[in-house]
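Notes follow once the structure below has been shown.
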Amino acid sequence: MDAEGMIPDSLEAALRNQPVKLICCVPTVQNPTGSVMGEERRRQIARIADRHGVPILEDGIYDFLAGHEPGPIMRHTMTEGFFVTSLSKSVSPALRCGMLVAPARLADDATRLMSASALHAPLLMSELARRWMEGGQVAASEKAVREEAMARQVIAAERLASWECHAHPAAFHTWLTLPDPWRPADFARAAESHGVMVTPAESFANGRDPAPFAVRLSLTGAMTREDLSTGLDTITGLLDSAPVPYRAVV
């Protein structure tokens, strides 16, 4: 990955050297880095997928935080792909309603798979979601959530101004690069001992691939902006300190 997410050359190498059947990505406000693929990067990814005939499964759960722009990668592909999202982030996790855009020829297969795993979406919630989408309530909720996320990013930027962070201006998370000699797991344990939960980079690594020396800070976990500020002050205090050394036993 780079600042725009998935790197085309890396994808090309993976498709040439491995039996890849599906490309999974979160091109807009990626979790945990907050990266957003630009329009040209999306076209590049689409061309590579088409060249190898591999479909893309695109997760658009955070699209609303960027105002649903740029549009889905699947607009640029000839190879049939998938787009999935839900209302859990933009409205409420209690509204258990997700949406899948699938190729027409695979729609029946997708429906059968869903039936095997969950029977069907809750009918009352589905009807409520439909009415809220048509009535404008979902758009209003997206706007309110986006504005709150932006306000919290401003707080985080102020509190963490002395440290290397990466985040979309409306993301739910901030990706914090740790100073030497902190390691992600050690920092997460230290933060937890002070009452703050962070997620070490290893949690997002694939298999045994090396992870960067970073942690994800969730800015929306705190109930209030005041609680967020208190938590961030705890984080900055730890960043200014050094980890407690382990006692070595050989």
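The values are calculated or read from the model by the stated rules, or taken from the named source; none is laboratory data. These numbers come from a predicted model, not from an experiment. When we count neighbours, we look across all protein chains shown, and the Cβ atoms used for this are built from the backbone with ideal geometry, even at glycine.
Examine segment 231-247 for a residue that is under 24 Å from residue 65 (Cα atoms), in contact (Cβ under 8 Å) with a residue 24 or more places away in the chain, surrounded by 15 or more Cβ atoms within 10 Å (Cβ to Cβ) and not charged (D, E, K, R), and state whether such a residue exists.
Scanning segment 231-247 turns up at least one residue that is under 24 Å from residue 65 (Cα atoms), in contact (Cβ under 8 Å) with a residue 24 or more places away in the chain, surrounded by 15 or more Cβ atoms within 10 Å (Cβ to Cβ) and not charged (D, E, K, R).
Residues checked against (1) part of a strand (DSSP E or B); (2) of a type outside the set (Ser, Thr, Tyr):
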site	(1), (2)
11	no, yes
19	no, yes
35	no, no
42	no, yes
47	no, yes
54	no, yes
58	yes, yes
83	yes, yes
94	no, yes
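Kindly provide the set of residues from segment 146-180 that are part of a loop (DSSP other than H, G, I, E, B) and surrounded by 14 or more Cβ atoms within 10 Å (Cβ to Cβ), ordered by number.
If the condition is that a residue be part of a loop (DSSP other than H, G, I, E, B) and surrounded by 14 or more Cβ atoms within 10 Å (Cβ to Cβ), then 160, 163, 167, 168, 169, 170, 171, 172, 178, 179 are the ones that fit.
Is one or more of the residues making up segment 138-145 among the small types (Gly, Ala, Ser), surrounded by 15 or more Cβ atoms within 10 Å (Cβ to Cβ) and more than 23 Å from residue 4 (Cα to Cα)?
Yes, because at least one residue in segment 138-145 is among the small types (Gly, Ala, Ser), surrounded by 15 or more Cβ atoms within 10 Å (Cβ to Cβ) and more than 23 Å from residue 4 (Cα to Cα).
Can you pull out the residues in segment 206-247 that are in contact with a Ser or Thr (Cβ under 7 Å, 6 or more places away or on another chain) and of a type in the set (Phe, Trp, Tyr)?
Of everything in segment 206-247, just one residue is in contact with a Ser or Thr (Cβ under 7 Å, 6 or more places away or on another chain) and of a type in the set (Phe, Trp, Tyr), namely 213.
Residues being within 20 Å of residue 34 (Cα to Cα), at pLDDT 95 or above and part of a loop (DSSP other than H, G, I, E, B): count how many of those fall in segment 181-219.
Final tally of qualifying residues: 4.
Give 35, 10 a once-over and let me know the one that is within 21 Å of the chain's Cα centre (by Cα) and free of Cβ contacts under 8 Å to residues at least 12 places away in the same chain.
It is 10.
For segment 220-230, enumerate the residues that are assigned to a loop (DSSP other than H, G, I, E, B) and surrounded by 11 or more Cβ atoms within 10 Å (Cβ to Cβ).
Correct list: 220, 221, 222.
Under the condition of being under 15 Å from residue 30 (Cβ atoms) and not aliphatic (A, V, I, L, M), which residue from segment 70-97 is surrounded by the most Cβ atoms within 10 Å (Cβ to Cβ)?
Only one residue tops the list, namely 72.
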